[in-house]
1. Hey, can you rank B:266-274, B:171-179, A:286-294 by average C-beta count inside 10 Å, highest first?
2. How much net charge surrounds A:Gly21 when only the other residues with a Cβ under 13 Å from the Cβ of A:Gly21 are counted, with Lys and Arg +1 and Asp and Glu -1?
3. Take the Cα atoms of chain A, build their convex hull, and give its volume per residue in Å³.
4. Going by accessible area, probe 1.4 Å, with all protein chains left in place, what is the ranking of B:Cys311, B:Cys145, largest first?
5. Once you have a ≥ b ≥ c as the square roots of the Cα gyration tensor eigenvalues for the stretch B:103-159, tell me rounded if a/c is under 1.5, and otherwise prolate or oblate according to whether a/b is larger than b/c.
6. Peptide B:39-49: average number of partner chain Cβ atoms within 10 Å per residue?
7. Give me Rg over Rh for the stretch B:140-298, both radii from the alpha carbons and Rh done the Kirkwood way, two decimal places.
8. From the phi angles alone, apply the Karplus equation (6.51, -1.76, 1.60; θ = phi - 60°) to the stretch A:43-48 and give each ³J(HN,Hα) in whole Hz, x where the residue is Gly or Pro.
There are 2 protein chains.
Amino acid sequence: MYKLIKRDGNAKRGEFHTVHGVIQTPVFMNVGTAAAIKGAVSTEDLQQIGTQVELSNTYHLHVRPGDQVVKKMGGLHKFMVWDKPILTDSGGFQVFSLAGLRKIKEEGVYFNSHVDGRKIFMGPEQSMQIQSNLASTIAMAFDECPSSVAEKEYVQRSVERTTRWLHRCKDEMARLNSLPDTINQHQMLFGINQGAIYEDIRIEHAQQIRELDLDGYAVGGLAVGESHEEMYRILDAVVPELPVDKPTYLMGVGTPANILEAVDRGVDFFDCVYPSRNGRHGHVYTNHGKLNLFNAKYELDPKPIEEGCQCPACRHYSRAYIRHLLKAKEMLGMRLCVLHNLYFYNHLMEEIRDAIEAGNYKAFKKEKLSGFENNA
Amino acid sequence: MYKLIKRDGNAKRGEFHTVHGVIQTPVFMNVGTAAAIKGAVSTEDLQQIGTQVELSNTYHLHVRPGDQVVKKMGGLHKFMVWDKPILTDSGGFQVFSLAGLRKIKEEGVYFNSHVDGRKIFMGPEQSMQIQSNLASTIAMAFDECPSSVAEKEYVQRSVERTTRWLHRCKDEMARLNSLPDTINQHQMLFGINQGAIYEDIRIEHAQQIRELDLDGYAVGGLAVGESHEEMYRILDAVVPELPVDKPTYLMGVGTPANILEAVDRGVDFFDCVYPSRNGRHGHVYTNHGKLNLFNAKYELDPKPIEEGCQCPACRHYSRAYIRHLLKAKEMLGMRLCVLHNLYFYNHLMEEIRDAIEAGNYKAFKKEKLSGFENNA
């Protein structure tokens, strides 16, 4: 159940109630692809860095360790020891981007596993079944994510099929939630808007899927090659067509600046691999731009990554020490940078929520964006 | 200052007072080669797993980030944020095992860096100067560690040079400790007994170096290829020749069984890379033998690595989850195994101290050894 607490322009400040607790929005979900955040970050660590929602990947977990294993272990929450909300994606995006040779049919997608090459079939029903086995809080609908440079005619046909798949997802999820051995019988389902960069397709699709009265709606297929301006243009067009009294999730986005802009357009759920991936490469976020800790100028720098930051890295360690760890290829260096970056994102969302509540989101956004551009 | 609290047979229960606090012995020092424990373990983590002493490698830190950098950052304690004792080795072992082309002369060793190939010279004075810059609690003397299969004549000449080097180390350490800009003016120096597997050379060397009245004495050059029985034979011969009222340190040893046997022969300082290296490969210690968590039989095992263990891994996570992380090459899997193994070693030393205090060390050792042989 989503409760809209406050609007400031188009920005939404909400509360999303789930069986695993309340999510304060706007929220950034921390990506733990294979039931773990890359960079040696445990779910115990997540409790310390302000994580509200963990996101895991259906495709990866289906391939390894297998969703049946996770089900036998009591579901993802018990497996990875995390009692707060978990969102699982549908597997669709990985099927289209990672898997080998694939064939898209009306019934679903035939493809080869990227781990061992074995043939797998995944359609709407299979995706729901796997996500039901994983027992996440929120399941995502199985969709096709067409390339942002795909021909309009292809995108039109793809989106129509995605709509038909969404009906099948909804039916299958209802059936699974009614089974006695289903771990989470309150599993929620979010639909996904597609349509590449074609506003008319996007809008028509949004109008169709909002009729299904799902638990939330995502905008998919952005941040996959188009410019930031195109992304904002699509959001301007499509977010108003999605229900304001439901979560609005922009999948796979993005930079802190992207998030600030998307919140201003009514988005309140985000996820992205940037903070963990950049952290593993020694690139860390601050309110004055990103730092590359490999840079020689940090060799003798006794300051934390960001002064005043309360993350586990900044509370103890200097830029000089973390730089040394990165140069010496010590895993601890990556871990500290990832912890910092995730904390930075989670903390940014907290500031965003405060600004919306205070009714000064536009001013807040402007100030933050100008800080990021400083590039210390 | 070393205080012998209790003897039980030859086993010593002591307290070693340093400027960075008291070390309860027998103690296992946790190896953090490049000022960090491999496996993404921070000094904050060390506080939680019962670590008393951290050990860093002089050669590695001299090469990267450079001991001058560490000195400018206020010494190792400040650099890595650890206020308890640190022992640094002399660099000798790495020079002889890691470095490229090398030439041993009376003045010291000429060799090439293993990182960038640049020529480096290290003799007793240089080793002391580097360790003084690092500002560890305990410095180790610069020695040659001859191969356990070296000819007796070579070992004899090598040990004589090591003795001459030890005098130079002592003089240089005294000079450095008196300089006004030395960070730790109370830096201690341990001498190292050598002699490969030749008992007569070992004994004569021990008798010579004990005359120097150093802060502690190590037995070096063992666990480098000889059998466990040969190692115990050498310890039986040489430990009684070292001062009982000083720490006795067996360098680079070893398995839990090795430690139990060496304690029984009067050794009370240990260090070894086994727990961290094995942990990174998914091999974990328990009181019923070592487990290989890659083994398929742990796929659905909900138990912790060891029932009742209070380490950060066992308090939360199952064998099944850790196995999944290892298989998926998630760094978190390595981290949890390393934390468990270091905790296991540190906790074993605590049990050893309790058994000596209770005066039942022999019975305790027998029981522990039979448990390890179970191999669960």
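1. Details: B:266-274: 23.1, B:171-179: 15.4, A:286-294: 17.3.
Highest to lowest by the protection proxy: B:266-274, A:286-294, B:171-179.
2. On the way: positive: A:Lys84; negative: A:Glu15, A:Glu54, A:Asp83.
Every neighbour counted, the sum reads -2.
3. 132 Å³
4. Details: B:Cys311 0, B:Cys145 25 Å².
Largest to smallest exposure gives the sequence B:Cys145, B:Cys311.
5. oblate
6. Values: counts 5, 12, 5, 9, 4, 4, 1, 0, 0, 0, 0.
Going residue by residue through B:39-49 and averaging, the value is 4.
7. Values: Rg = 17.9 Å, Rh = 17.1 Å.
Checking Rg against Rh, the ratio lands at 1.05.
8. 5, 5, 4, 4, 4, 8
The values are calculated or read from the model by the stated rules, or taken from the named source; none is laboratory data. No experiment lies behind these values; they were computed from the predicted model shown. Reconstructed Cβ throughout: ideal geometry from the backbone, glycine too, with neighbour counts over all protein chains shown. Ligands, DNA and RNA are excluded from the accessible area calculation, which covers all protein heavy atoms including side chains. Shrake-Rupley method; radii C 1.70, N 1.55, O 1.52, S 1.80 Å.
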